[in-house]
Every structure is written in structure tokens, then in C-alpha cells.
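Trainee: Sharing a structure below in C-alpha cells format, with a few things to ask.
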Amino acid sequence: MKIVLFKSKLNLLIPCGFLAILIDYTSQNQGWVFPLSLLGIIPLAERLGFATEQLGLFTGRTAGGLLNATFGNATELVISIHALRSGKLRVVQQSLLGSILSNTLLVLGCAFFGGGLACGKTEQAFRKEDAVLNSGLLLMAVMGLVSPAMLYYTHTEVNLGQSALALSRFSSCIMLVAYAAFIYFELSNSRRRDEASEGGGGDQGDDDYEYAYPEISKWEAVAWLGIFTAWISVFSDFLVDAIEGASKAWKIPIAFISTVLLPIVGNAAEHASAVMFAVKDKLDISLGVAIGSSTQISMFVIPFSVVTGWMMGQPMDLNFHLFETASLLITVLVVAFLLQDGTSNCFKGLMLILCYLIVAASFYVYADPNIDGLRDSQNRSYFLYL
């Protein structure tokens, strides 16, 4: 209890989540419920990562990598499921899109910038092969989003309102298969690297893993995983319900809240860890947090949300609308070009941060005509009726 609950100073924010619940039941002031719920989720997400890391020390590097891949974006997944249940499909789409944009531009940019300043090097090097592979998967995800959007906006669907949805569900299944193959490939490569480094000296990341000792037992880690996931689910329910009220109270577009505020605040602990590793000149780990997290959201969380919506009877699809799809495409291309030489520096980091500021400002002035998933569903039904 002492290690899990009192070691991290972020845990001082946990009471904010309970205060949000109290305010919701007493005054229903959504302008306060939303930010307090966000603040309450931040330490729970960080502790969820801690419990996952501890459990990975018992299971070994290969299974530990799989655990991190599974629970790495559990917070986003839980919030998406609650939004799907509420029929807020556009909130799901924009919050997941915002997570990709913030990870690839803001987090990676801060890591490059902070690492370049702290290490005193002209350039930092990272494993080029992993960066190129993740960039390719991000481009594959963009391809999966472009096709339904083009069908929708060119009015070339065979069955209006149905073809794009059917294509989205098919593409989502393909993307899930591709991500499973990627996980298998990565774990197999990791095992080969471990075997190859047994005779010689491994890299610093291998040494850190080898001499890391668990602070809690295996079953304690499993129990805390369940507890933190449950409380994140509770707070996420109030968070999703308060988005529209907070938008009216603050006079901020829902698109900006979903795409910018939710990802930045919800992933604050993850962002800090990426910068911390870059400052310690462990850029491969920073890339694993930033680009790896983006790959997981684009190739697993988004397709999984489409399939989950299918099971719930919600018309969740991969049509992220033209503005969001174009923003993602340009972002992925910029990041892919900057990663292709396997080096980073302060200027590259500054470029990525400034690009994110442009994207964030764009969403602040963006008027989304179908921000309400229910309204979008009604529009689909209307077109089907015609």
C-alpha cells in the first residue's frame, strides 16, 4: 500500500476524481466535473503503468513487452468504450486521433528537444529500423482511414451509408491482424536480441531491465491492475458525460476538448516518462513510448473500437472526416521524414512542437458538423431511409 499509493506525488490528485463524483451528484456543474475527472484519471493512469511494469518483471522481457502493449493505452480504451456506450462516436474518433497527434508531435518533439539540451550532444542516435517499421504501420493506419472518408465525400458508395461502414469494419479486422503479426514479430526479434547479447555486452536498456527488481509481488501487481482499471472506468464515465457541459461552460469547441485536452492531460505521466528517458540519452525507450503508443492506438485501439461499436450496435467507422484524416496524414509524413536518418537534435524537436501548436490551433477554430454521435447516427438512418 505504501509503495503503490504513497510513493508517487501524482497520487495527491486522486481525490479530485471523488470530488468530481460528489459535484456531479450535488450540483451537476459539468464545468467542474470534467476537469476534476481528468485530474483524477492522471495518477490512476500512471499507477496502472507502474503495476504493468512490475508484473512484467515477473513474466520476463517477452511477456512483459506483451503486457505493456496490452495495457499501455488502457486509459484511452476505457474512455472510448464509455463514449461508445453513450453514442458519442465523434468524441471517440477525435480523442483517439488526438492521442496519435500528441504522441507523434508533442511528446516526441519534447523528447528530442529535451534530450538534445540535456545530453550536450549535437545529435542523438536511435535504432532506425524500429522507427521505420512503426512509421510504416502508421501509414498503413492512415490508408485504412482514407478509403472510407473518400467514399463518403465523393458519394461513390454502392449502398449509401452502408458501404463505408462495411469497409471500415473489414479494414479494422485486417488492421487487428496486422497488429497481432507486428507484436509477434517484435517479441520474436526481442528474444533473438536477448540470445545474441548473452555472449557479449547488451545495451544499456538491457542492463537496466536485467538488474531491475520488483517492488511488489506478482499477485499484488495483478490486483492493483484490476483496481486501477476499475476506478479509471468509473471516472471515465463521469468524464465522458461532462464533455458537452464543459464545452458550453468554457465556451470551447468539443473538437478541441476531445482532440487536444483529453490526450494531453490523460497521457501526462506517459509524456513525462518519454522526456525523462530522452534526457538520460535512452532515446530508443522514448521512441517506444511515443511512436509505439501511436502505433498501438492507430492499429489496435481504433480498430478495436470499431469492432466493439459493431457489437454494441453503434455505427462506429473509420471515416474520421476530411479535416482530421488530412491532419493525421500530414503528421505521419512529417514524422516519418524526420525519423528516417536515425538521429535527433534540438531543432527537430522544436519543429515537431511547433507543428503540434499549428494542429491544436486548427482544432480550436474547427467547427465539426457531426460532433454528436447520435446526430451522426440519425443522419445515416435518414440517408438509408431515402
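The values are calculated or read from the model by the stated rules, or taken from the named source; none is laboratory data. Every value quoted in this text rests on a predicted model; they were computed, and no experiment measured them. These area figures cover heavy atoms from the full protein model, side chains too; ligands, DNA and RNA do not enter into them. Shrake-Rupley method; radii C 1.70, N 1.55, O 1.52, S 1.80 Å.
Trainee: From the square roots a ≥ b ≥ c of the eigenvalues of the alpha-carbon gyration tensor of region 213-306, which class results: rounded (a/c under 1.5), prolate (a/b over b/c), or oblate?
Mentor: Oblate shape, in that a/c is at least 1.5 and b/c is the bigger or equal ratio.
Trainee: With the chain treated as a Gaussian network of Cα nodes joined by springs under 10 Å, which of Gly161, Gly109, Gly17 yields the largest mean-square fluctuation?
Mentor: Maximum fluctuation in the GNM of the chain, among the listed residues, is at Gly161.
Trainee: Can you work out D for region 287-342 in µm² s⁻¹ from Stokes-Einstein, where Rh is the Kirkwood radius over C-alpha pairs, the temperature is 20 °C and the viscosity is 1.002 mPa s?
Mentor: Translational D for this selection: 166 µm²/s.
Trainee: Compute the acute angle (0 to 90°) between the alpha-carbon long axis of helix 74-85 and the principal axis of greatest extent of the alpha-carbon atoms of the chain; round to the nearest 10°.
Mentor: Helix 74-85 sits roughly 10 degrees off the main axis of the chain.
Trainee: Report, to the nearest 10°, how far helix 163-197 tilts away from the longest principal axis of the Cα atoms in the chain, using its own Cα long axis and a range of 0 to 90°.
Mentor: Roughly 0 degrees between the two axes.
Trainee: Enumerate the calculated ³J(HN,Hα) couplings along region 121-132 in order (Karplus 6.51 cos²θ - 1.76 cosθ + 1.60, θ = phi - 60°), each rounded to whole Hz, writing x wherever the residue is Gly or Pro.
Mentor: 9, 5, 9, 10, 10, 9, 6, 5, 4, 5, 5, 5
Trainee: Would you compute, from DSSP H runs of 4+ residues alone, the mean residue ellipticity of the chain at 222 nm, taking -39500 (n - 2.57) per run and dividing by the full residue count, rounded to the nearest 500?
Mentor: -24500 deg cm²/dmol
Trainee: Can you spot the lysines whose alpha carbon is less than 28 Å from Lys121's alpha carbon? Ignore those fewer than 8 places along the same chain.
Mentor: Lys280, Lys282, Lys348
Trainee: Of the candidates Ser293, Ser147, Ser217, which one comes out as most mobile in a Gaussian network treatment of the chain with C-alpha springs shorter than 10 Å?
Mentor: Checking each option, the largest mean-square fluctuation is seen for Ser217.
Trainee: Two decimals, Cα atoms only, Kirkwood Rh: what is Rg/Rh over region 128-191?
Mentor: Answer for region 128-191: 1.14.
Trainee: Report, to the nearest 10°, how far helix 61-71 tilts away from the longest principal axis of the Cα atoms in the chain, using its own Cα long axis and a range of 0 to 90°.
Mentor: The angle comes out at about 20 degrees.
Trainee: How much space per residue, in cubic angstrom, does the convex hull of the C-alpha atoms of the chain take up?
Mentor: Measuring per residue, one finds 140 Å³ for the Cα hull of the chain.
Trainee: Just by accessible area at a 1.4 angstrom probe, what is the order of Tyr356, Tyr184 from largest to smallest?
Mentor: Largest accessible area first, the list is Tyr184, Tyr356.
Trainee: Here's something else I'd like to know. Determine which lysines satisfy two conditions relative to Lys88: a Cα distance under 28 Å, and not lying fewer than 8 residues away in the same chain.
Mentor: Excluding near neighbours in sequence, the set is Lys248, Lys251.
Trainee: If you build a Gaussian network model of the chain, linking Cα atoms that sit under 10 Å apart, which residue out of Lys251, Lys282, Lys218 swings the most?
Mentor: Taking springs between Cα atoms under 10 Å, the residue moving most is Lys251.
Trainee: Can you spot the lysines whose alpha carbon is less than 20 Å from Lys7's alpha carbon? Ignore those fewer than 8 places along the same chain.
Mentor: Here the lysines satisfying the reach criterion relative to Lys7 are Lys218.
Trainee: Run the accessible area of the chain with a 1.4 Å probe and give the carbon-and-sulfur part as a rounded percent.
Mentor: Exposed carbon and sulfur together represent 66 percent of the surface.
Trainee: Would you mind working out the accessible area per residue for the chain, using a 1.4 Å probe, and quoting it in Å²?
Mentor: Per residue, the chain has an accessible area of 46 Å².
Trainee: How big is the C-alpha Rg of region 1-149 next to the rule-of-thumb value 2.2 N^0.38 Å, as a ratio?
Mentor: Dividing the Cα Rg of region 1-149 by 2.2 N^0.38 Å gives 1.29.
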